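The values are calculated or read from the model by the stated rules, or taken from the named source; none is laboratory data. The structure presented is a predicted model; accordingly, all values stated were derived computationally and were not measured. Note that each Cβ is placed from the backbone with ideal geometry, even for glycine, and that neighbours are counted across all protein chains shown.
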Amino acid sequence: MDIKTLRTYLKTIFYYRFVFRAIGRRSVIRRPILITYPRHITIGERVCIRDGARLEIVKDGVNQDPVLKIGSHTNIEQNVHIACHCRVIIGSHVSITANCAIVDISHPYEDVSDNRSISARLDSAPSFVEIEDYCFIGIGSVILPNIRIGHHSVIGANSVVTHDIPPFSIAAGNPAKVIRRYDHGQGLWLKVHRDA
């Protein structure tokens, strides 16, 4: 184990375990850019969160008990931004690749007479994002509010997920569409045919 890795483990043992709601054994967070309200964050065992991550709990005076939960054996690559206003649940054995954004909140823009900045006009309605176990989120993808991604699903690179993705699916594009589903009987990923 090199010095940087050892330092990261020591920071988890002697600092993060006292400020997070819970953080599991052998989990590491390497040089995050931002962590807000860590008491609302639960991290499982053997989770690796790489450099540049933002774990951002957003409080607006309405919802005072947001929950950000990351399951065990999950890997989050560099520069991933997770914004949690109500509930963001990331399962176990999930891979989230670099430069992804996962957000359960939106910034209303409809009222042009509201002179506050868009960032000051957060939507206070209840919201969530759930990424179930064994998912893979491709580089540069964006997961928008009120989305559930079913277990064993793959999200292609640079996709924007705007609706639920069923389990055992491959989805890609902007907006992301299911392009393959796993057929257990045949043991194959089959193309999804769409009517023209």
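A few notes on this one:
- The listed residue being farther than 20 Å from residue 96 by Cβ and basic (Lys, Arg), out of 181, 148: 181
- Whenever a residue of the range 1-25 is under 16 Å from residue 43 (Cβ atoms), its partners that are loosely packed, with under 12 Cβ neighbours inside 10 Å and not polar (S, T, N, Q), lying with C-beta atoms within less than 6 angstrom and at least six residues away or across chains, give the pairs 21/39.
- Only residues that are of a type outside the set (A, V, I, L, M, F, W, C), assigned to a strand (DSSP E or B) and in contact with a Phe, Trp or Tyr (Cβ under 9 Å, 6 or more places away or on another chain) were counted across the range 160-184, and they come to 5.
- Whichever residue in the range 45-99 is under 16 Å from residue 126 (Cβ atoms) and β-branched (Val, Ile, Thr) and, among such residues, is surrounded by the most Cβ atoms within 10 Å (Cβ to Cβ): 88
- Strands (runs of 3 or more DSSP E) (entirely within the range 59-159) containing at least 3 residues that are closer than 19 Å to residue 35 by Cβ and in contact (Cβ under 8 Å) with a residue 40 or more places away in the chain: 87-90, 101-103
- When 122, 68 are checked against the criterion of being out of contact with any strand residue (DSSP E or B) (no Cβ under 9 Å at 6 or more places or on another chain) and either closer than 21 Å to residue 146 by Cα or of a type in the set (S, T, N, Q) (or both), 122 stands alone in meeting it.
- Among the residues of the range 25-43, the ones that are within 21 Å of residue 96 (Cβ to Cβ) and out of contact with any strand residue (DSSP E or B) (no Cβ under 6 Å at 6 or more places or on another chain) come to 6 in all.
- Within the range 58-101, being charged (D, E, K, R) and at pLDDT 95 or above holds for 69, 77, 87.
- Residues in the range 105-136 that are within 29 Å of residue 75 (Cα to Cα) and either modelled with pLDDT of 95 or more or basic (Lys, Arg) (or both): 128, 129, 130, 131, 132, 133, 134, 135, 136.
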